[in-house]
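The values are calculated or read from the model by the stated rules, or taken from the named source; none is laboratory data. Just so you know, these numbers come straight off a predicted model, no measurement behind them. Cβ coordinates were reconstructed from backbone atoms using ideal geometry, including for glycine residues, and neighbour counts include every protein chain displayed. When the accessible area is computed, the model is the full protein with side chains, heavy atoms only, and any ligands, DNA or RNA have been set aside. Shrake-Rupley method; radii C 1.70, N 1.55, O 1.52, S 1.80 Å.
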Amino acid sequence: MKKIVINGGKRISGTIPISGAKNSVVALIPATILANDVVTLEGVPDISDVASLVEIMEIMGAKIERNLEEGRLVIDTRSVVSRPLPYGKINSLRASYYFNGALLGRFGQATVGLPGGCDLGPRPTDLHDKAFKALGAKKIQEEAEHLEVIGDSLVGTTIYMDVVSVGATINTMLAASRAKGLTIIENAAREPEIIDVATLLNNMGAQVRGAGTDIIRITGVDEMHGAQHTVIPDRIEAGTYLALAAAMGDGVIIENVIYEHLESFIAKLEEMGVGLTIREDSIEVHKSENLKSVNITSVPYPGFATDLQQPITPLLLKAKGRGSIVDTIYQKRVNHVPELARMGANISVLDDRIIYDAPNELTGSCVQATDLRAGAALVTAGIIASGTTKISNIEFILRGYDHIIEKLTAVGVDIQLIEE
Ligand code: EPZ
């Protein structure tokens, strides 16, 4: 079993480059099914979710040239056929549900098993189904989540999202881009990744307007052609490393960052007293001491991201005073708390609220990653802690952090991947 071993307590300095956004690229890859020509994606992160999606696409008949050293995928989906997808692979990641939207848009049918993904508590897909049904598809349960369009194509309509949902918003955009007529998504999610997917769709010939606001209008088109697209930087990877740099840095530059995507997160760092210099596409974190504890409440974008409440926690533990963290999107996203407590953190969960007391002296321990961002939090905690930290179940971490060992080693972290 692979494990990450960290000898902590050492200060870090230097530059950490940010890779392409996982939560964008996991939608961009299925979206290429809608084009009947070659699509080139640049800035693709070398993470296991990308490898899983490429494998599924090739099973469907796509021809993919991958050069992940240079972050490029050249995807030709002209020979893709809609066939039942391998449950095991589909179940390996949440984003597999995007195949539904893309296959429905192109073929009018899709047979995709239930999505997998991190255990953050209940992760329903009722809004995805509601949107597909509204567009004219019906779910044929007995064939393992088979979706089929009634009539000869999807027909545009107005869809109100009861809950702000990134996945349901993107999936609806994918299916509606080839439907007949106008689709309006109301109460749409506003994440930057949604704008990124809309940009690719429009470059392939779709007509998507309003991405990034809570009302998105899609006028269906019959044909979509090839395109070239560069994935936006990963704001969650950037936030993870900003928190680490604030905790242990003597001058760390996080490179390839779009400041606007992190405004609420940076506001929290500044509220704590972290010294930052914001530049065109990088952020320098200065050595910061005597940090103040703060309260965190995660809400839909542009508010504080649920994906960053776990990675910021080790930094909070180094501050001074009591604080609380409430995740309004995934109330059960608290599996990192007992692991941090094992490292000596004064942190606990009370009625879906995480309470912590700082400062804490963290000591290295054997801990396990329970999901992607919990794993990232444990890496940061291990770098802060004195002594050796051994993290198991690190497959979660490798799903979303491109070259994490190399990037951290380059700024002075004593970290290695071992086979045990
Ligand atoms: C995306 O998940 C991200 N994953 C998540 O990042 C991120 O935490 C989440 O958006 C934030 O909203 C990808 O983009 C692959 P949602 P998604 O639909 O789309 C409820 C990471 O660490 N909901 O926006 O699955 C749901 O229960 C991952 O990178 C419904 O009720 O999340 C949640 O409370 C973790 N019905 C809320 O909406 C639905 O049909 C937001 O979920 C869909 C969602």
What residue among F265, F99, F107 has the largest mean-square fluctuation in a Gaussian network model of the chain, using Cα springs under 10 Å?
-> F107
If you average 1/r over all unlike Cα pairs in region 357-420 and invert the result, what Kirkwood radius do you get in angstrom?
-> 12.2 Å
What percentage of the solvent-accessible surface of the chain, computed with a 1.4 Å probe over protein heavy atoms, is contributed by carbon and sulfur atoms?
-> 49 percent
Dipole of region 152-227, Cα-centred, from +1 at each Lys and Arg C-beta and -1 at each Asp and Glu C-beta, to the nearest 20 debye?
-> 160 debye
Taking only C-alpha pairs under 8 Å that are 6+ residues apart, what is the relative contact order of the chain in percent?
-> 21 percent
Report the convex hull volume per residue for region 119-254, counting only C-alpha atoms, in Å³.
-> 144 Å³
Roughly what would the spin-label model give for T363 and Q331, points 7 Å off Cα along C-beta, in nm?
-> 3.6 nm
Most to least packed among 298-310, 172-184 [average Cβ atoms within 10 Å] = 172-184, 298-310
Can you find, among S298, G275, I75, the residue farthest towards the positive end of the dipole of the chain? Put +1 on the C-beta of Lys and Arg, -1 on that of Asp and Glu.
-> S298
Peptides 359-369, 14-24, 119-129: what's the order by average Cβ count within 10 Å, highest mean first?
-> 14-24, 359-369, 119-129
Global form of region 1-87, assessed from the alpha-carbon gyration tensor, a/c cut-off 1.5 | prolate
The size of the Cβ-based charge dipole (Lys, Arg +1; Asp, Glu -1) of region 289-363 about the Cα centre, to the nearest 20 debye, is 100 debye
Over all pairs of different Cα atoms in region 194-341, the reciprocal of the mean inverse distance gives a Kirkwood radius in Å of 17.2 Å
Take every DSSP beta bridge with both residues inside the chain and express the antiparallel ones as a percent of the total, to the nearest 5.
-> 70 percent
Zone of E406 (label point 7 Å along Cα→Cβ, backbone N under 14 Å): which residues in region 49-72?
-> 67-72
Take each of the peptides 328-335, 50-57, average the number of other beta-carbon atoms within 10 Å over its residues, and list them starting from the highest.
-> 50-57, 328-335
Quick shape check on region 291-420: root eigenvalues a ≥ b ≥ c of the Cα gyration tensor, a/c under 1.5 is rounded, otherwise prolate if a/b tops b/c, else oblate, and it reads prolate
Roughly how tilted is helix 263-272, in degrees to the nearest 10 and between 0 and 90, from the longest Cα axis of the chain?
-> 10 degrees
Could you size up the charge dipole of the chain around its Cα centre, putting +1 on the beta carbon of Lys and Arg and -1 on that of Asp and Glu, and report it in debye to the nearest 20?
-> 580 debye
Roughly how large, in nm² to one decimal, is the mean projection of the convex hull of the alpha-carbon atoms in the chain?
-> 18.3 nm²
How much mean residue ellipticity at 222 nm does the chain get from its helices, if each DSSP H run of length 4 or more adds -39500 (n - 2.57) and you divide by all residues, to the nearest 500 deg cm²/dmol?
-> -9000 deg cm²/dmol
Segment D37-L68, extension gain: residue separation times 0.36 nm, minus the distance between their alpha carbons | 9.1 nm
Taking square-rooted eigenvalues a ≥ b ≥ c of the alpha carbon gyration tensor, is region 226-312 rounded, prolate or oblate, where a/c under 1.5 means rounded and, failing that, a/b exceeding b/c means prolate?
-> oblate
In square angstrom, what is the accessible area per residue of the chain with a 1.4 angstrom probe?
-> 37 Å²
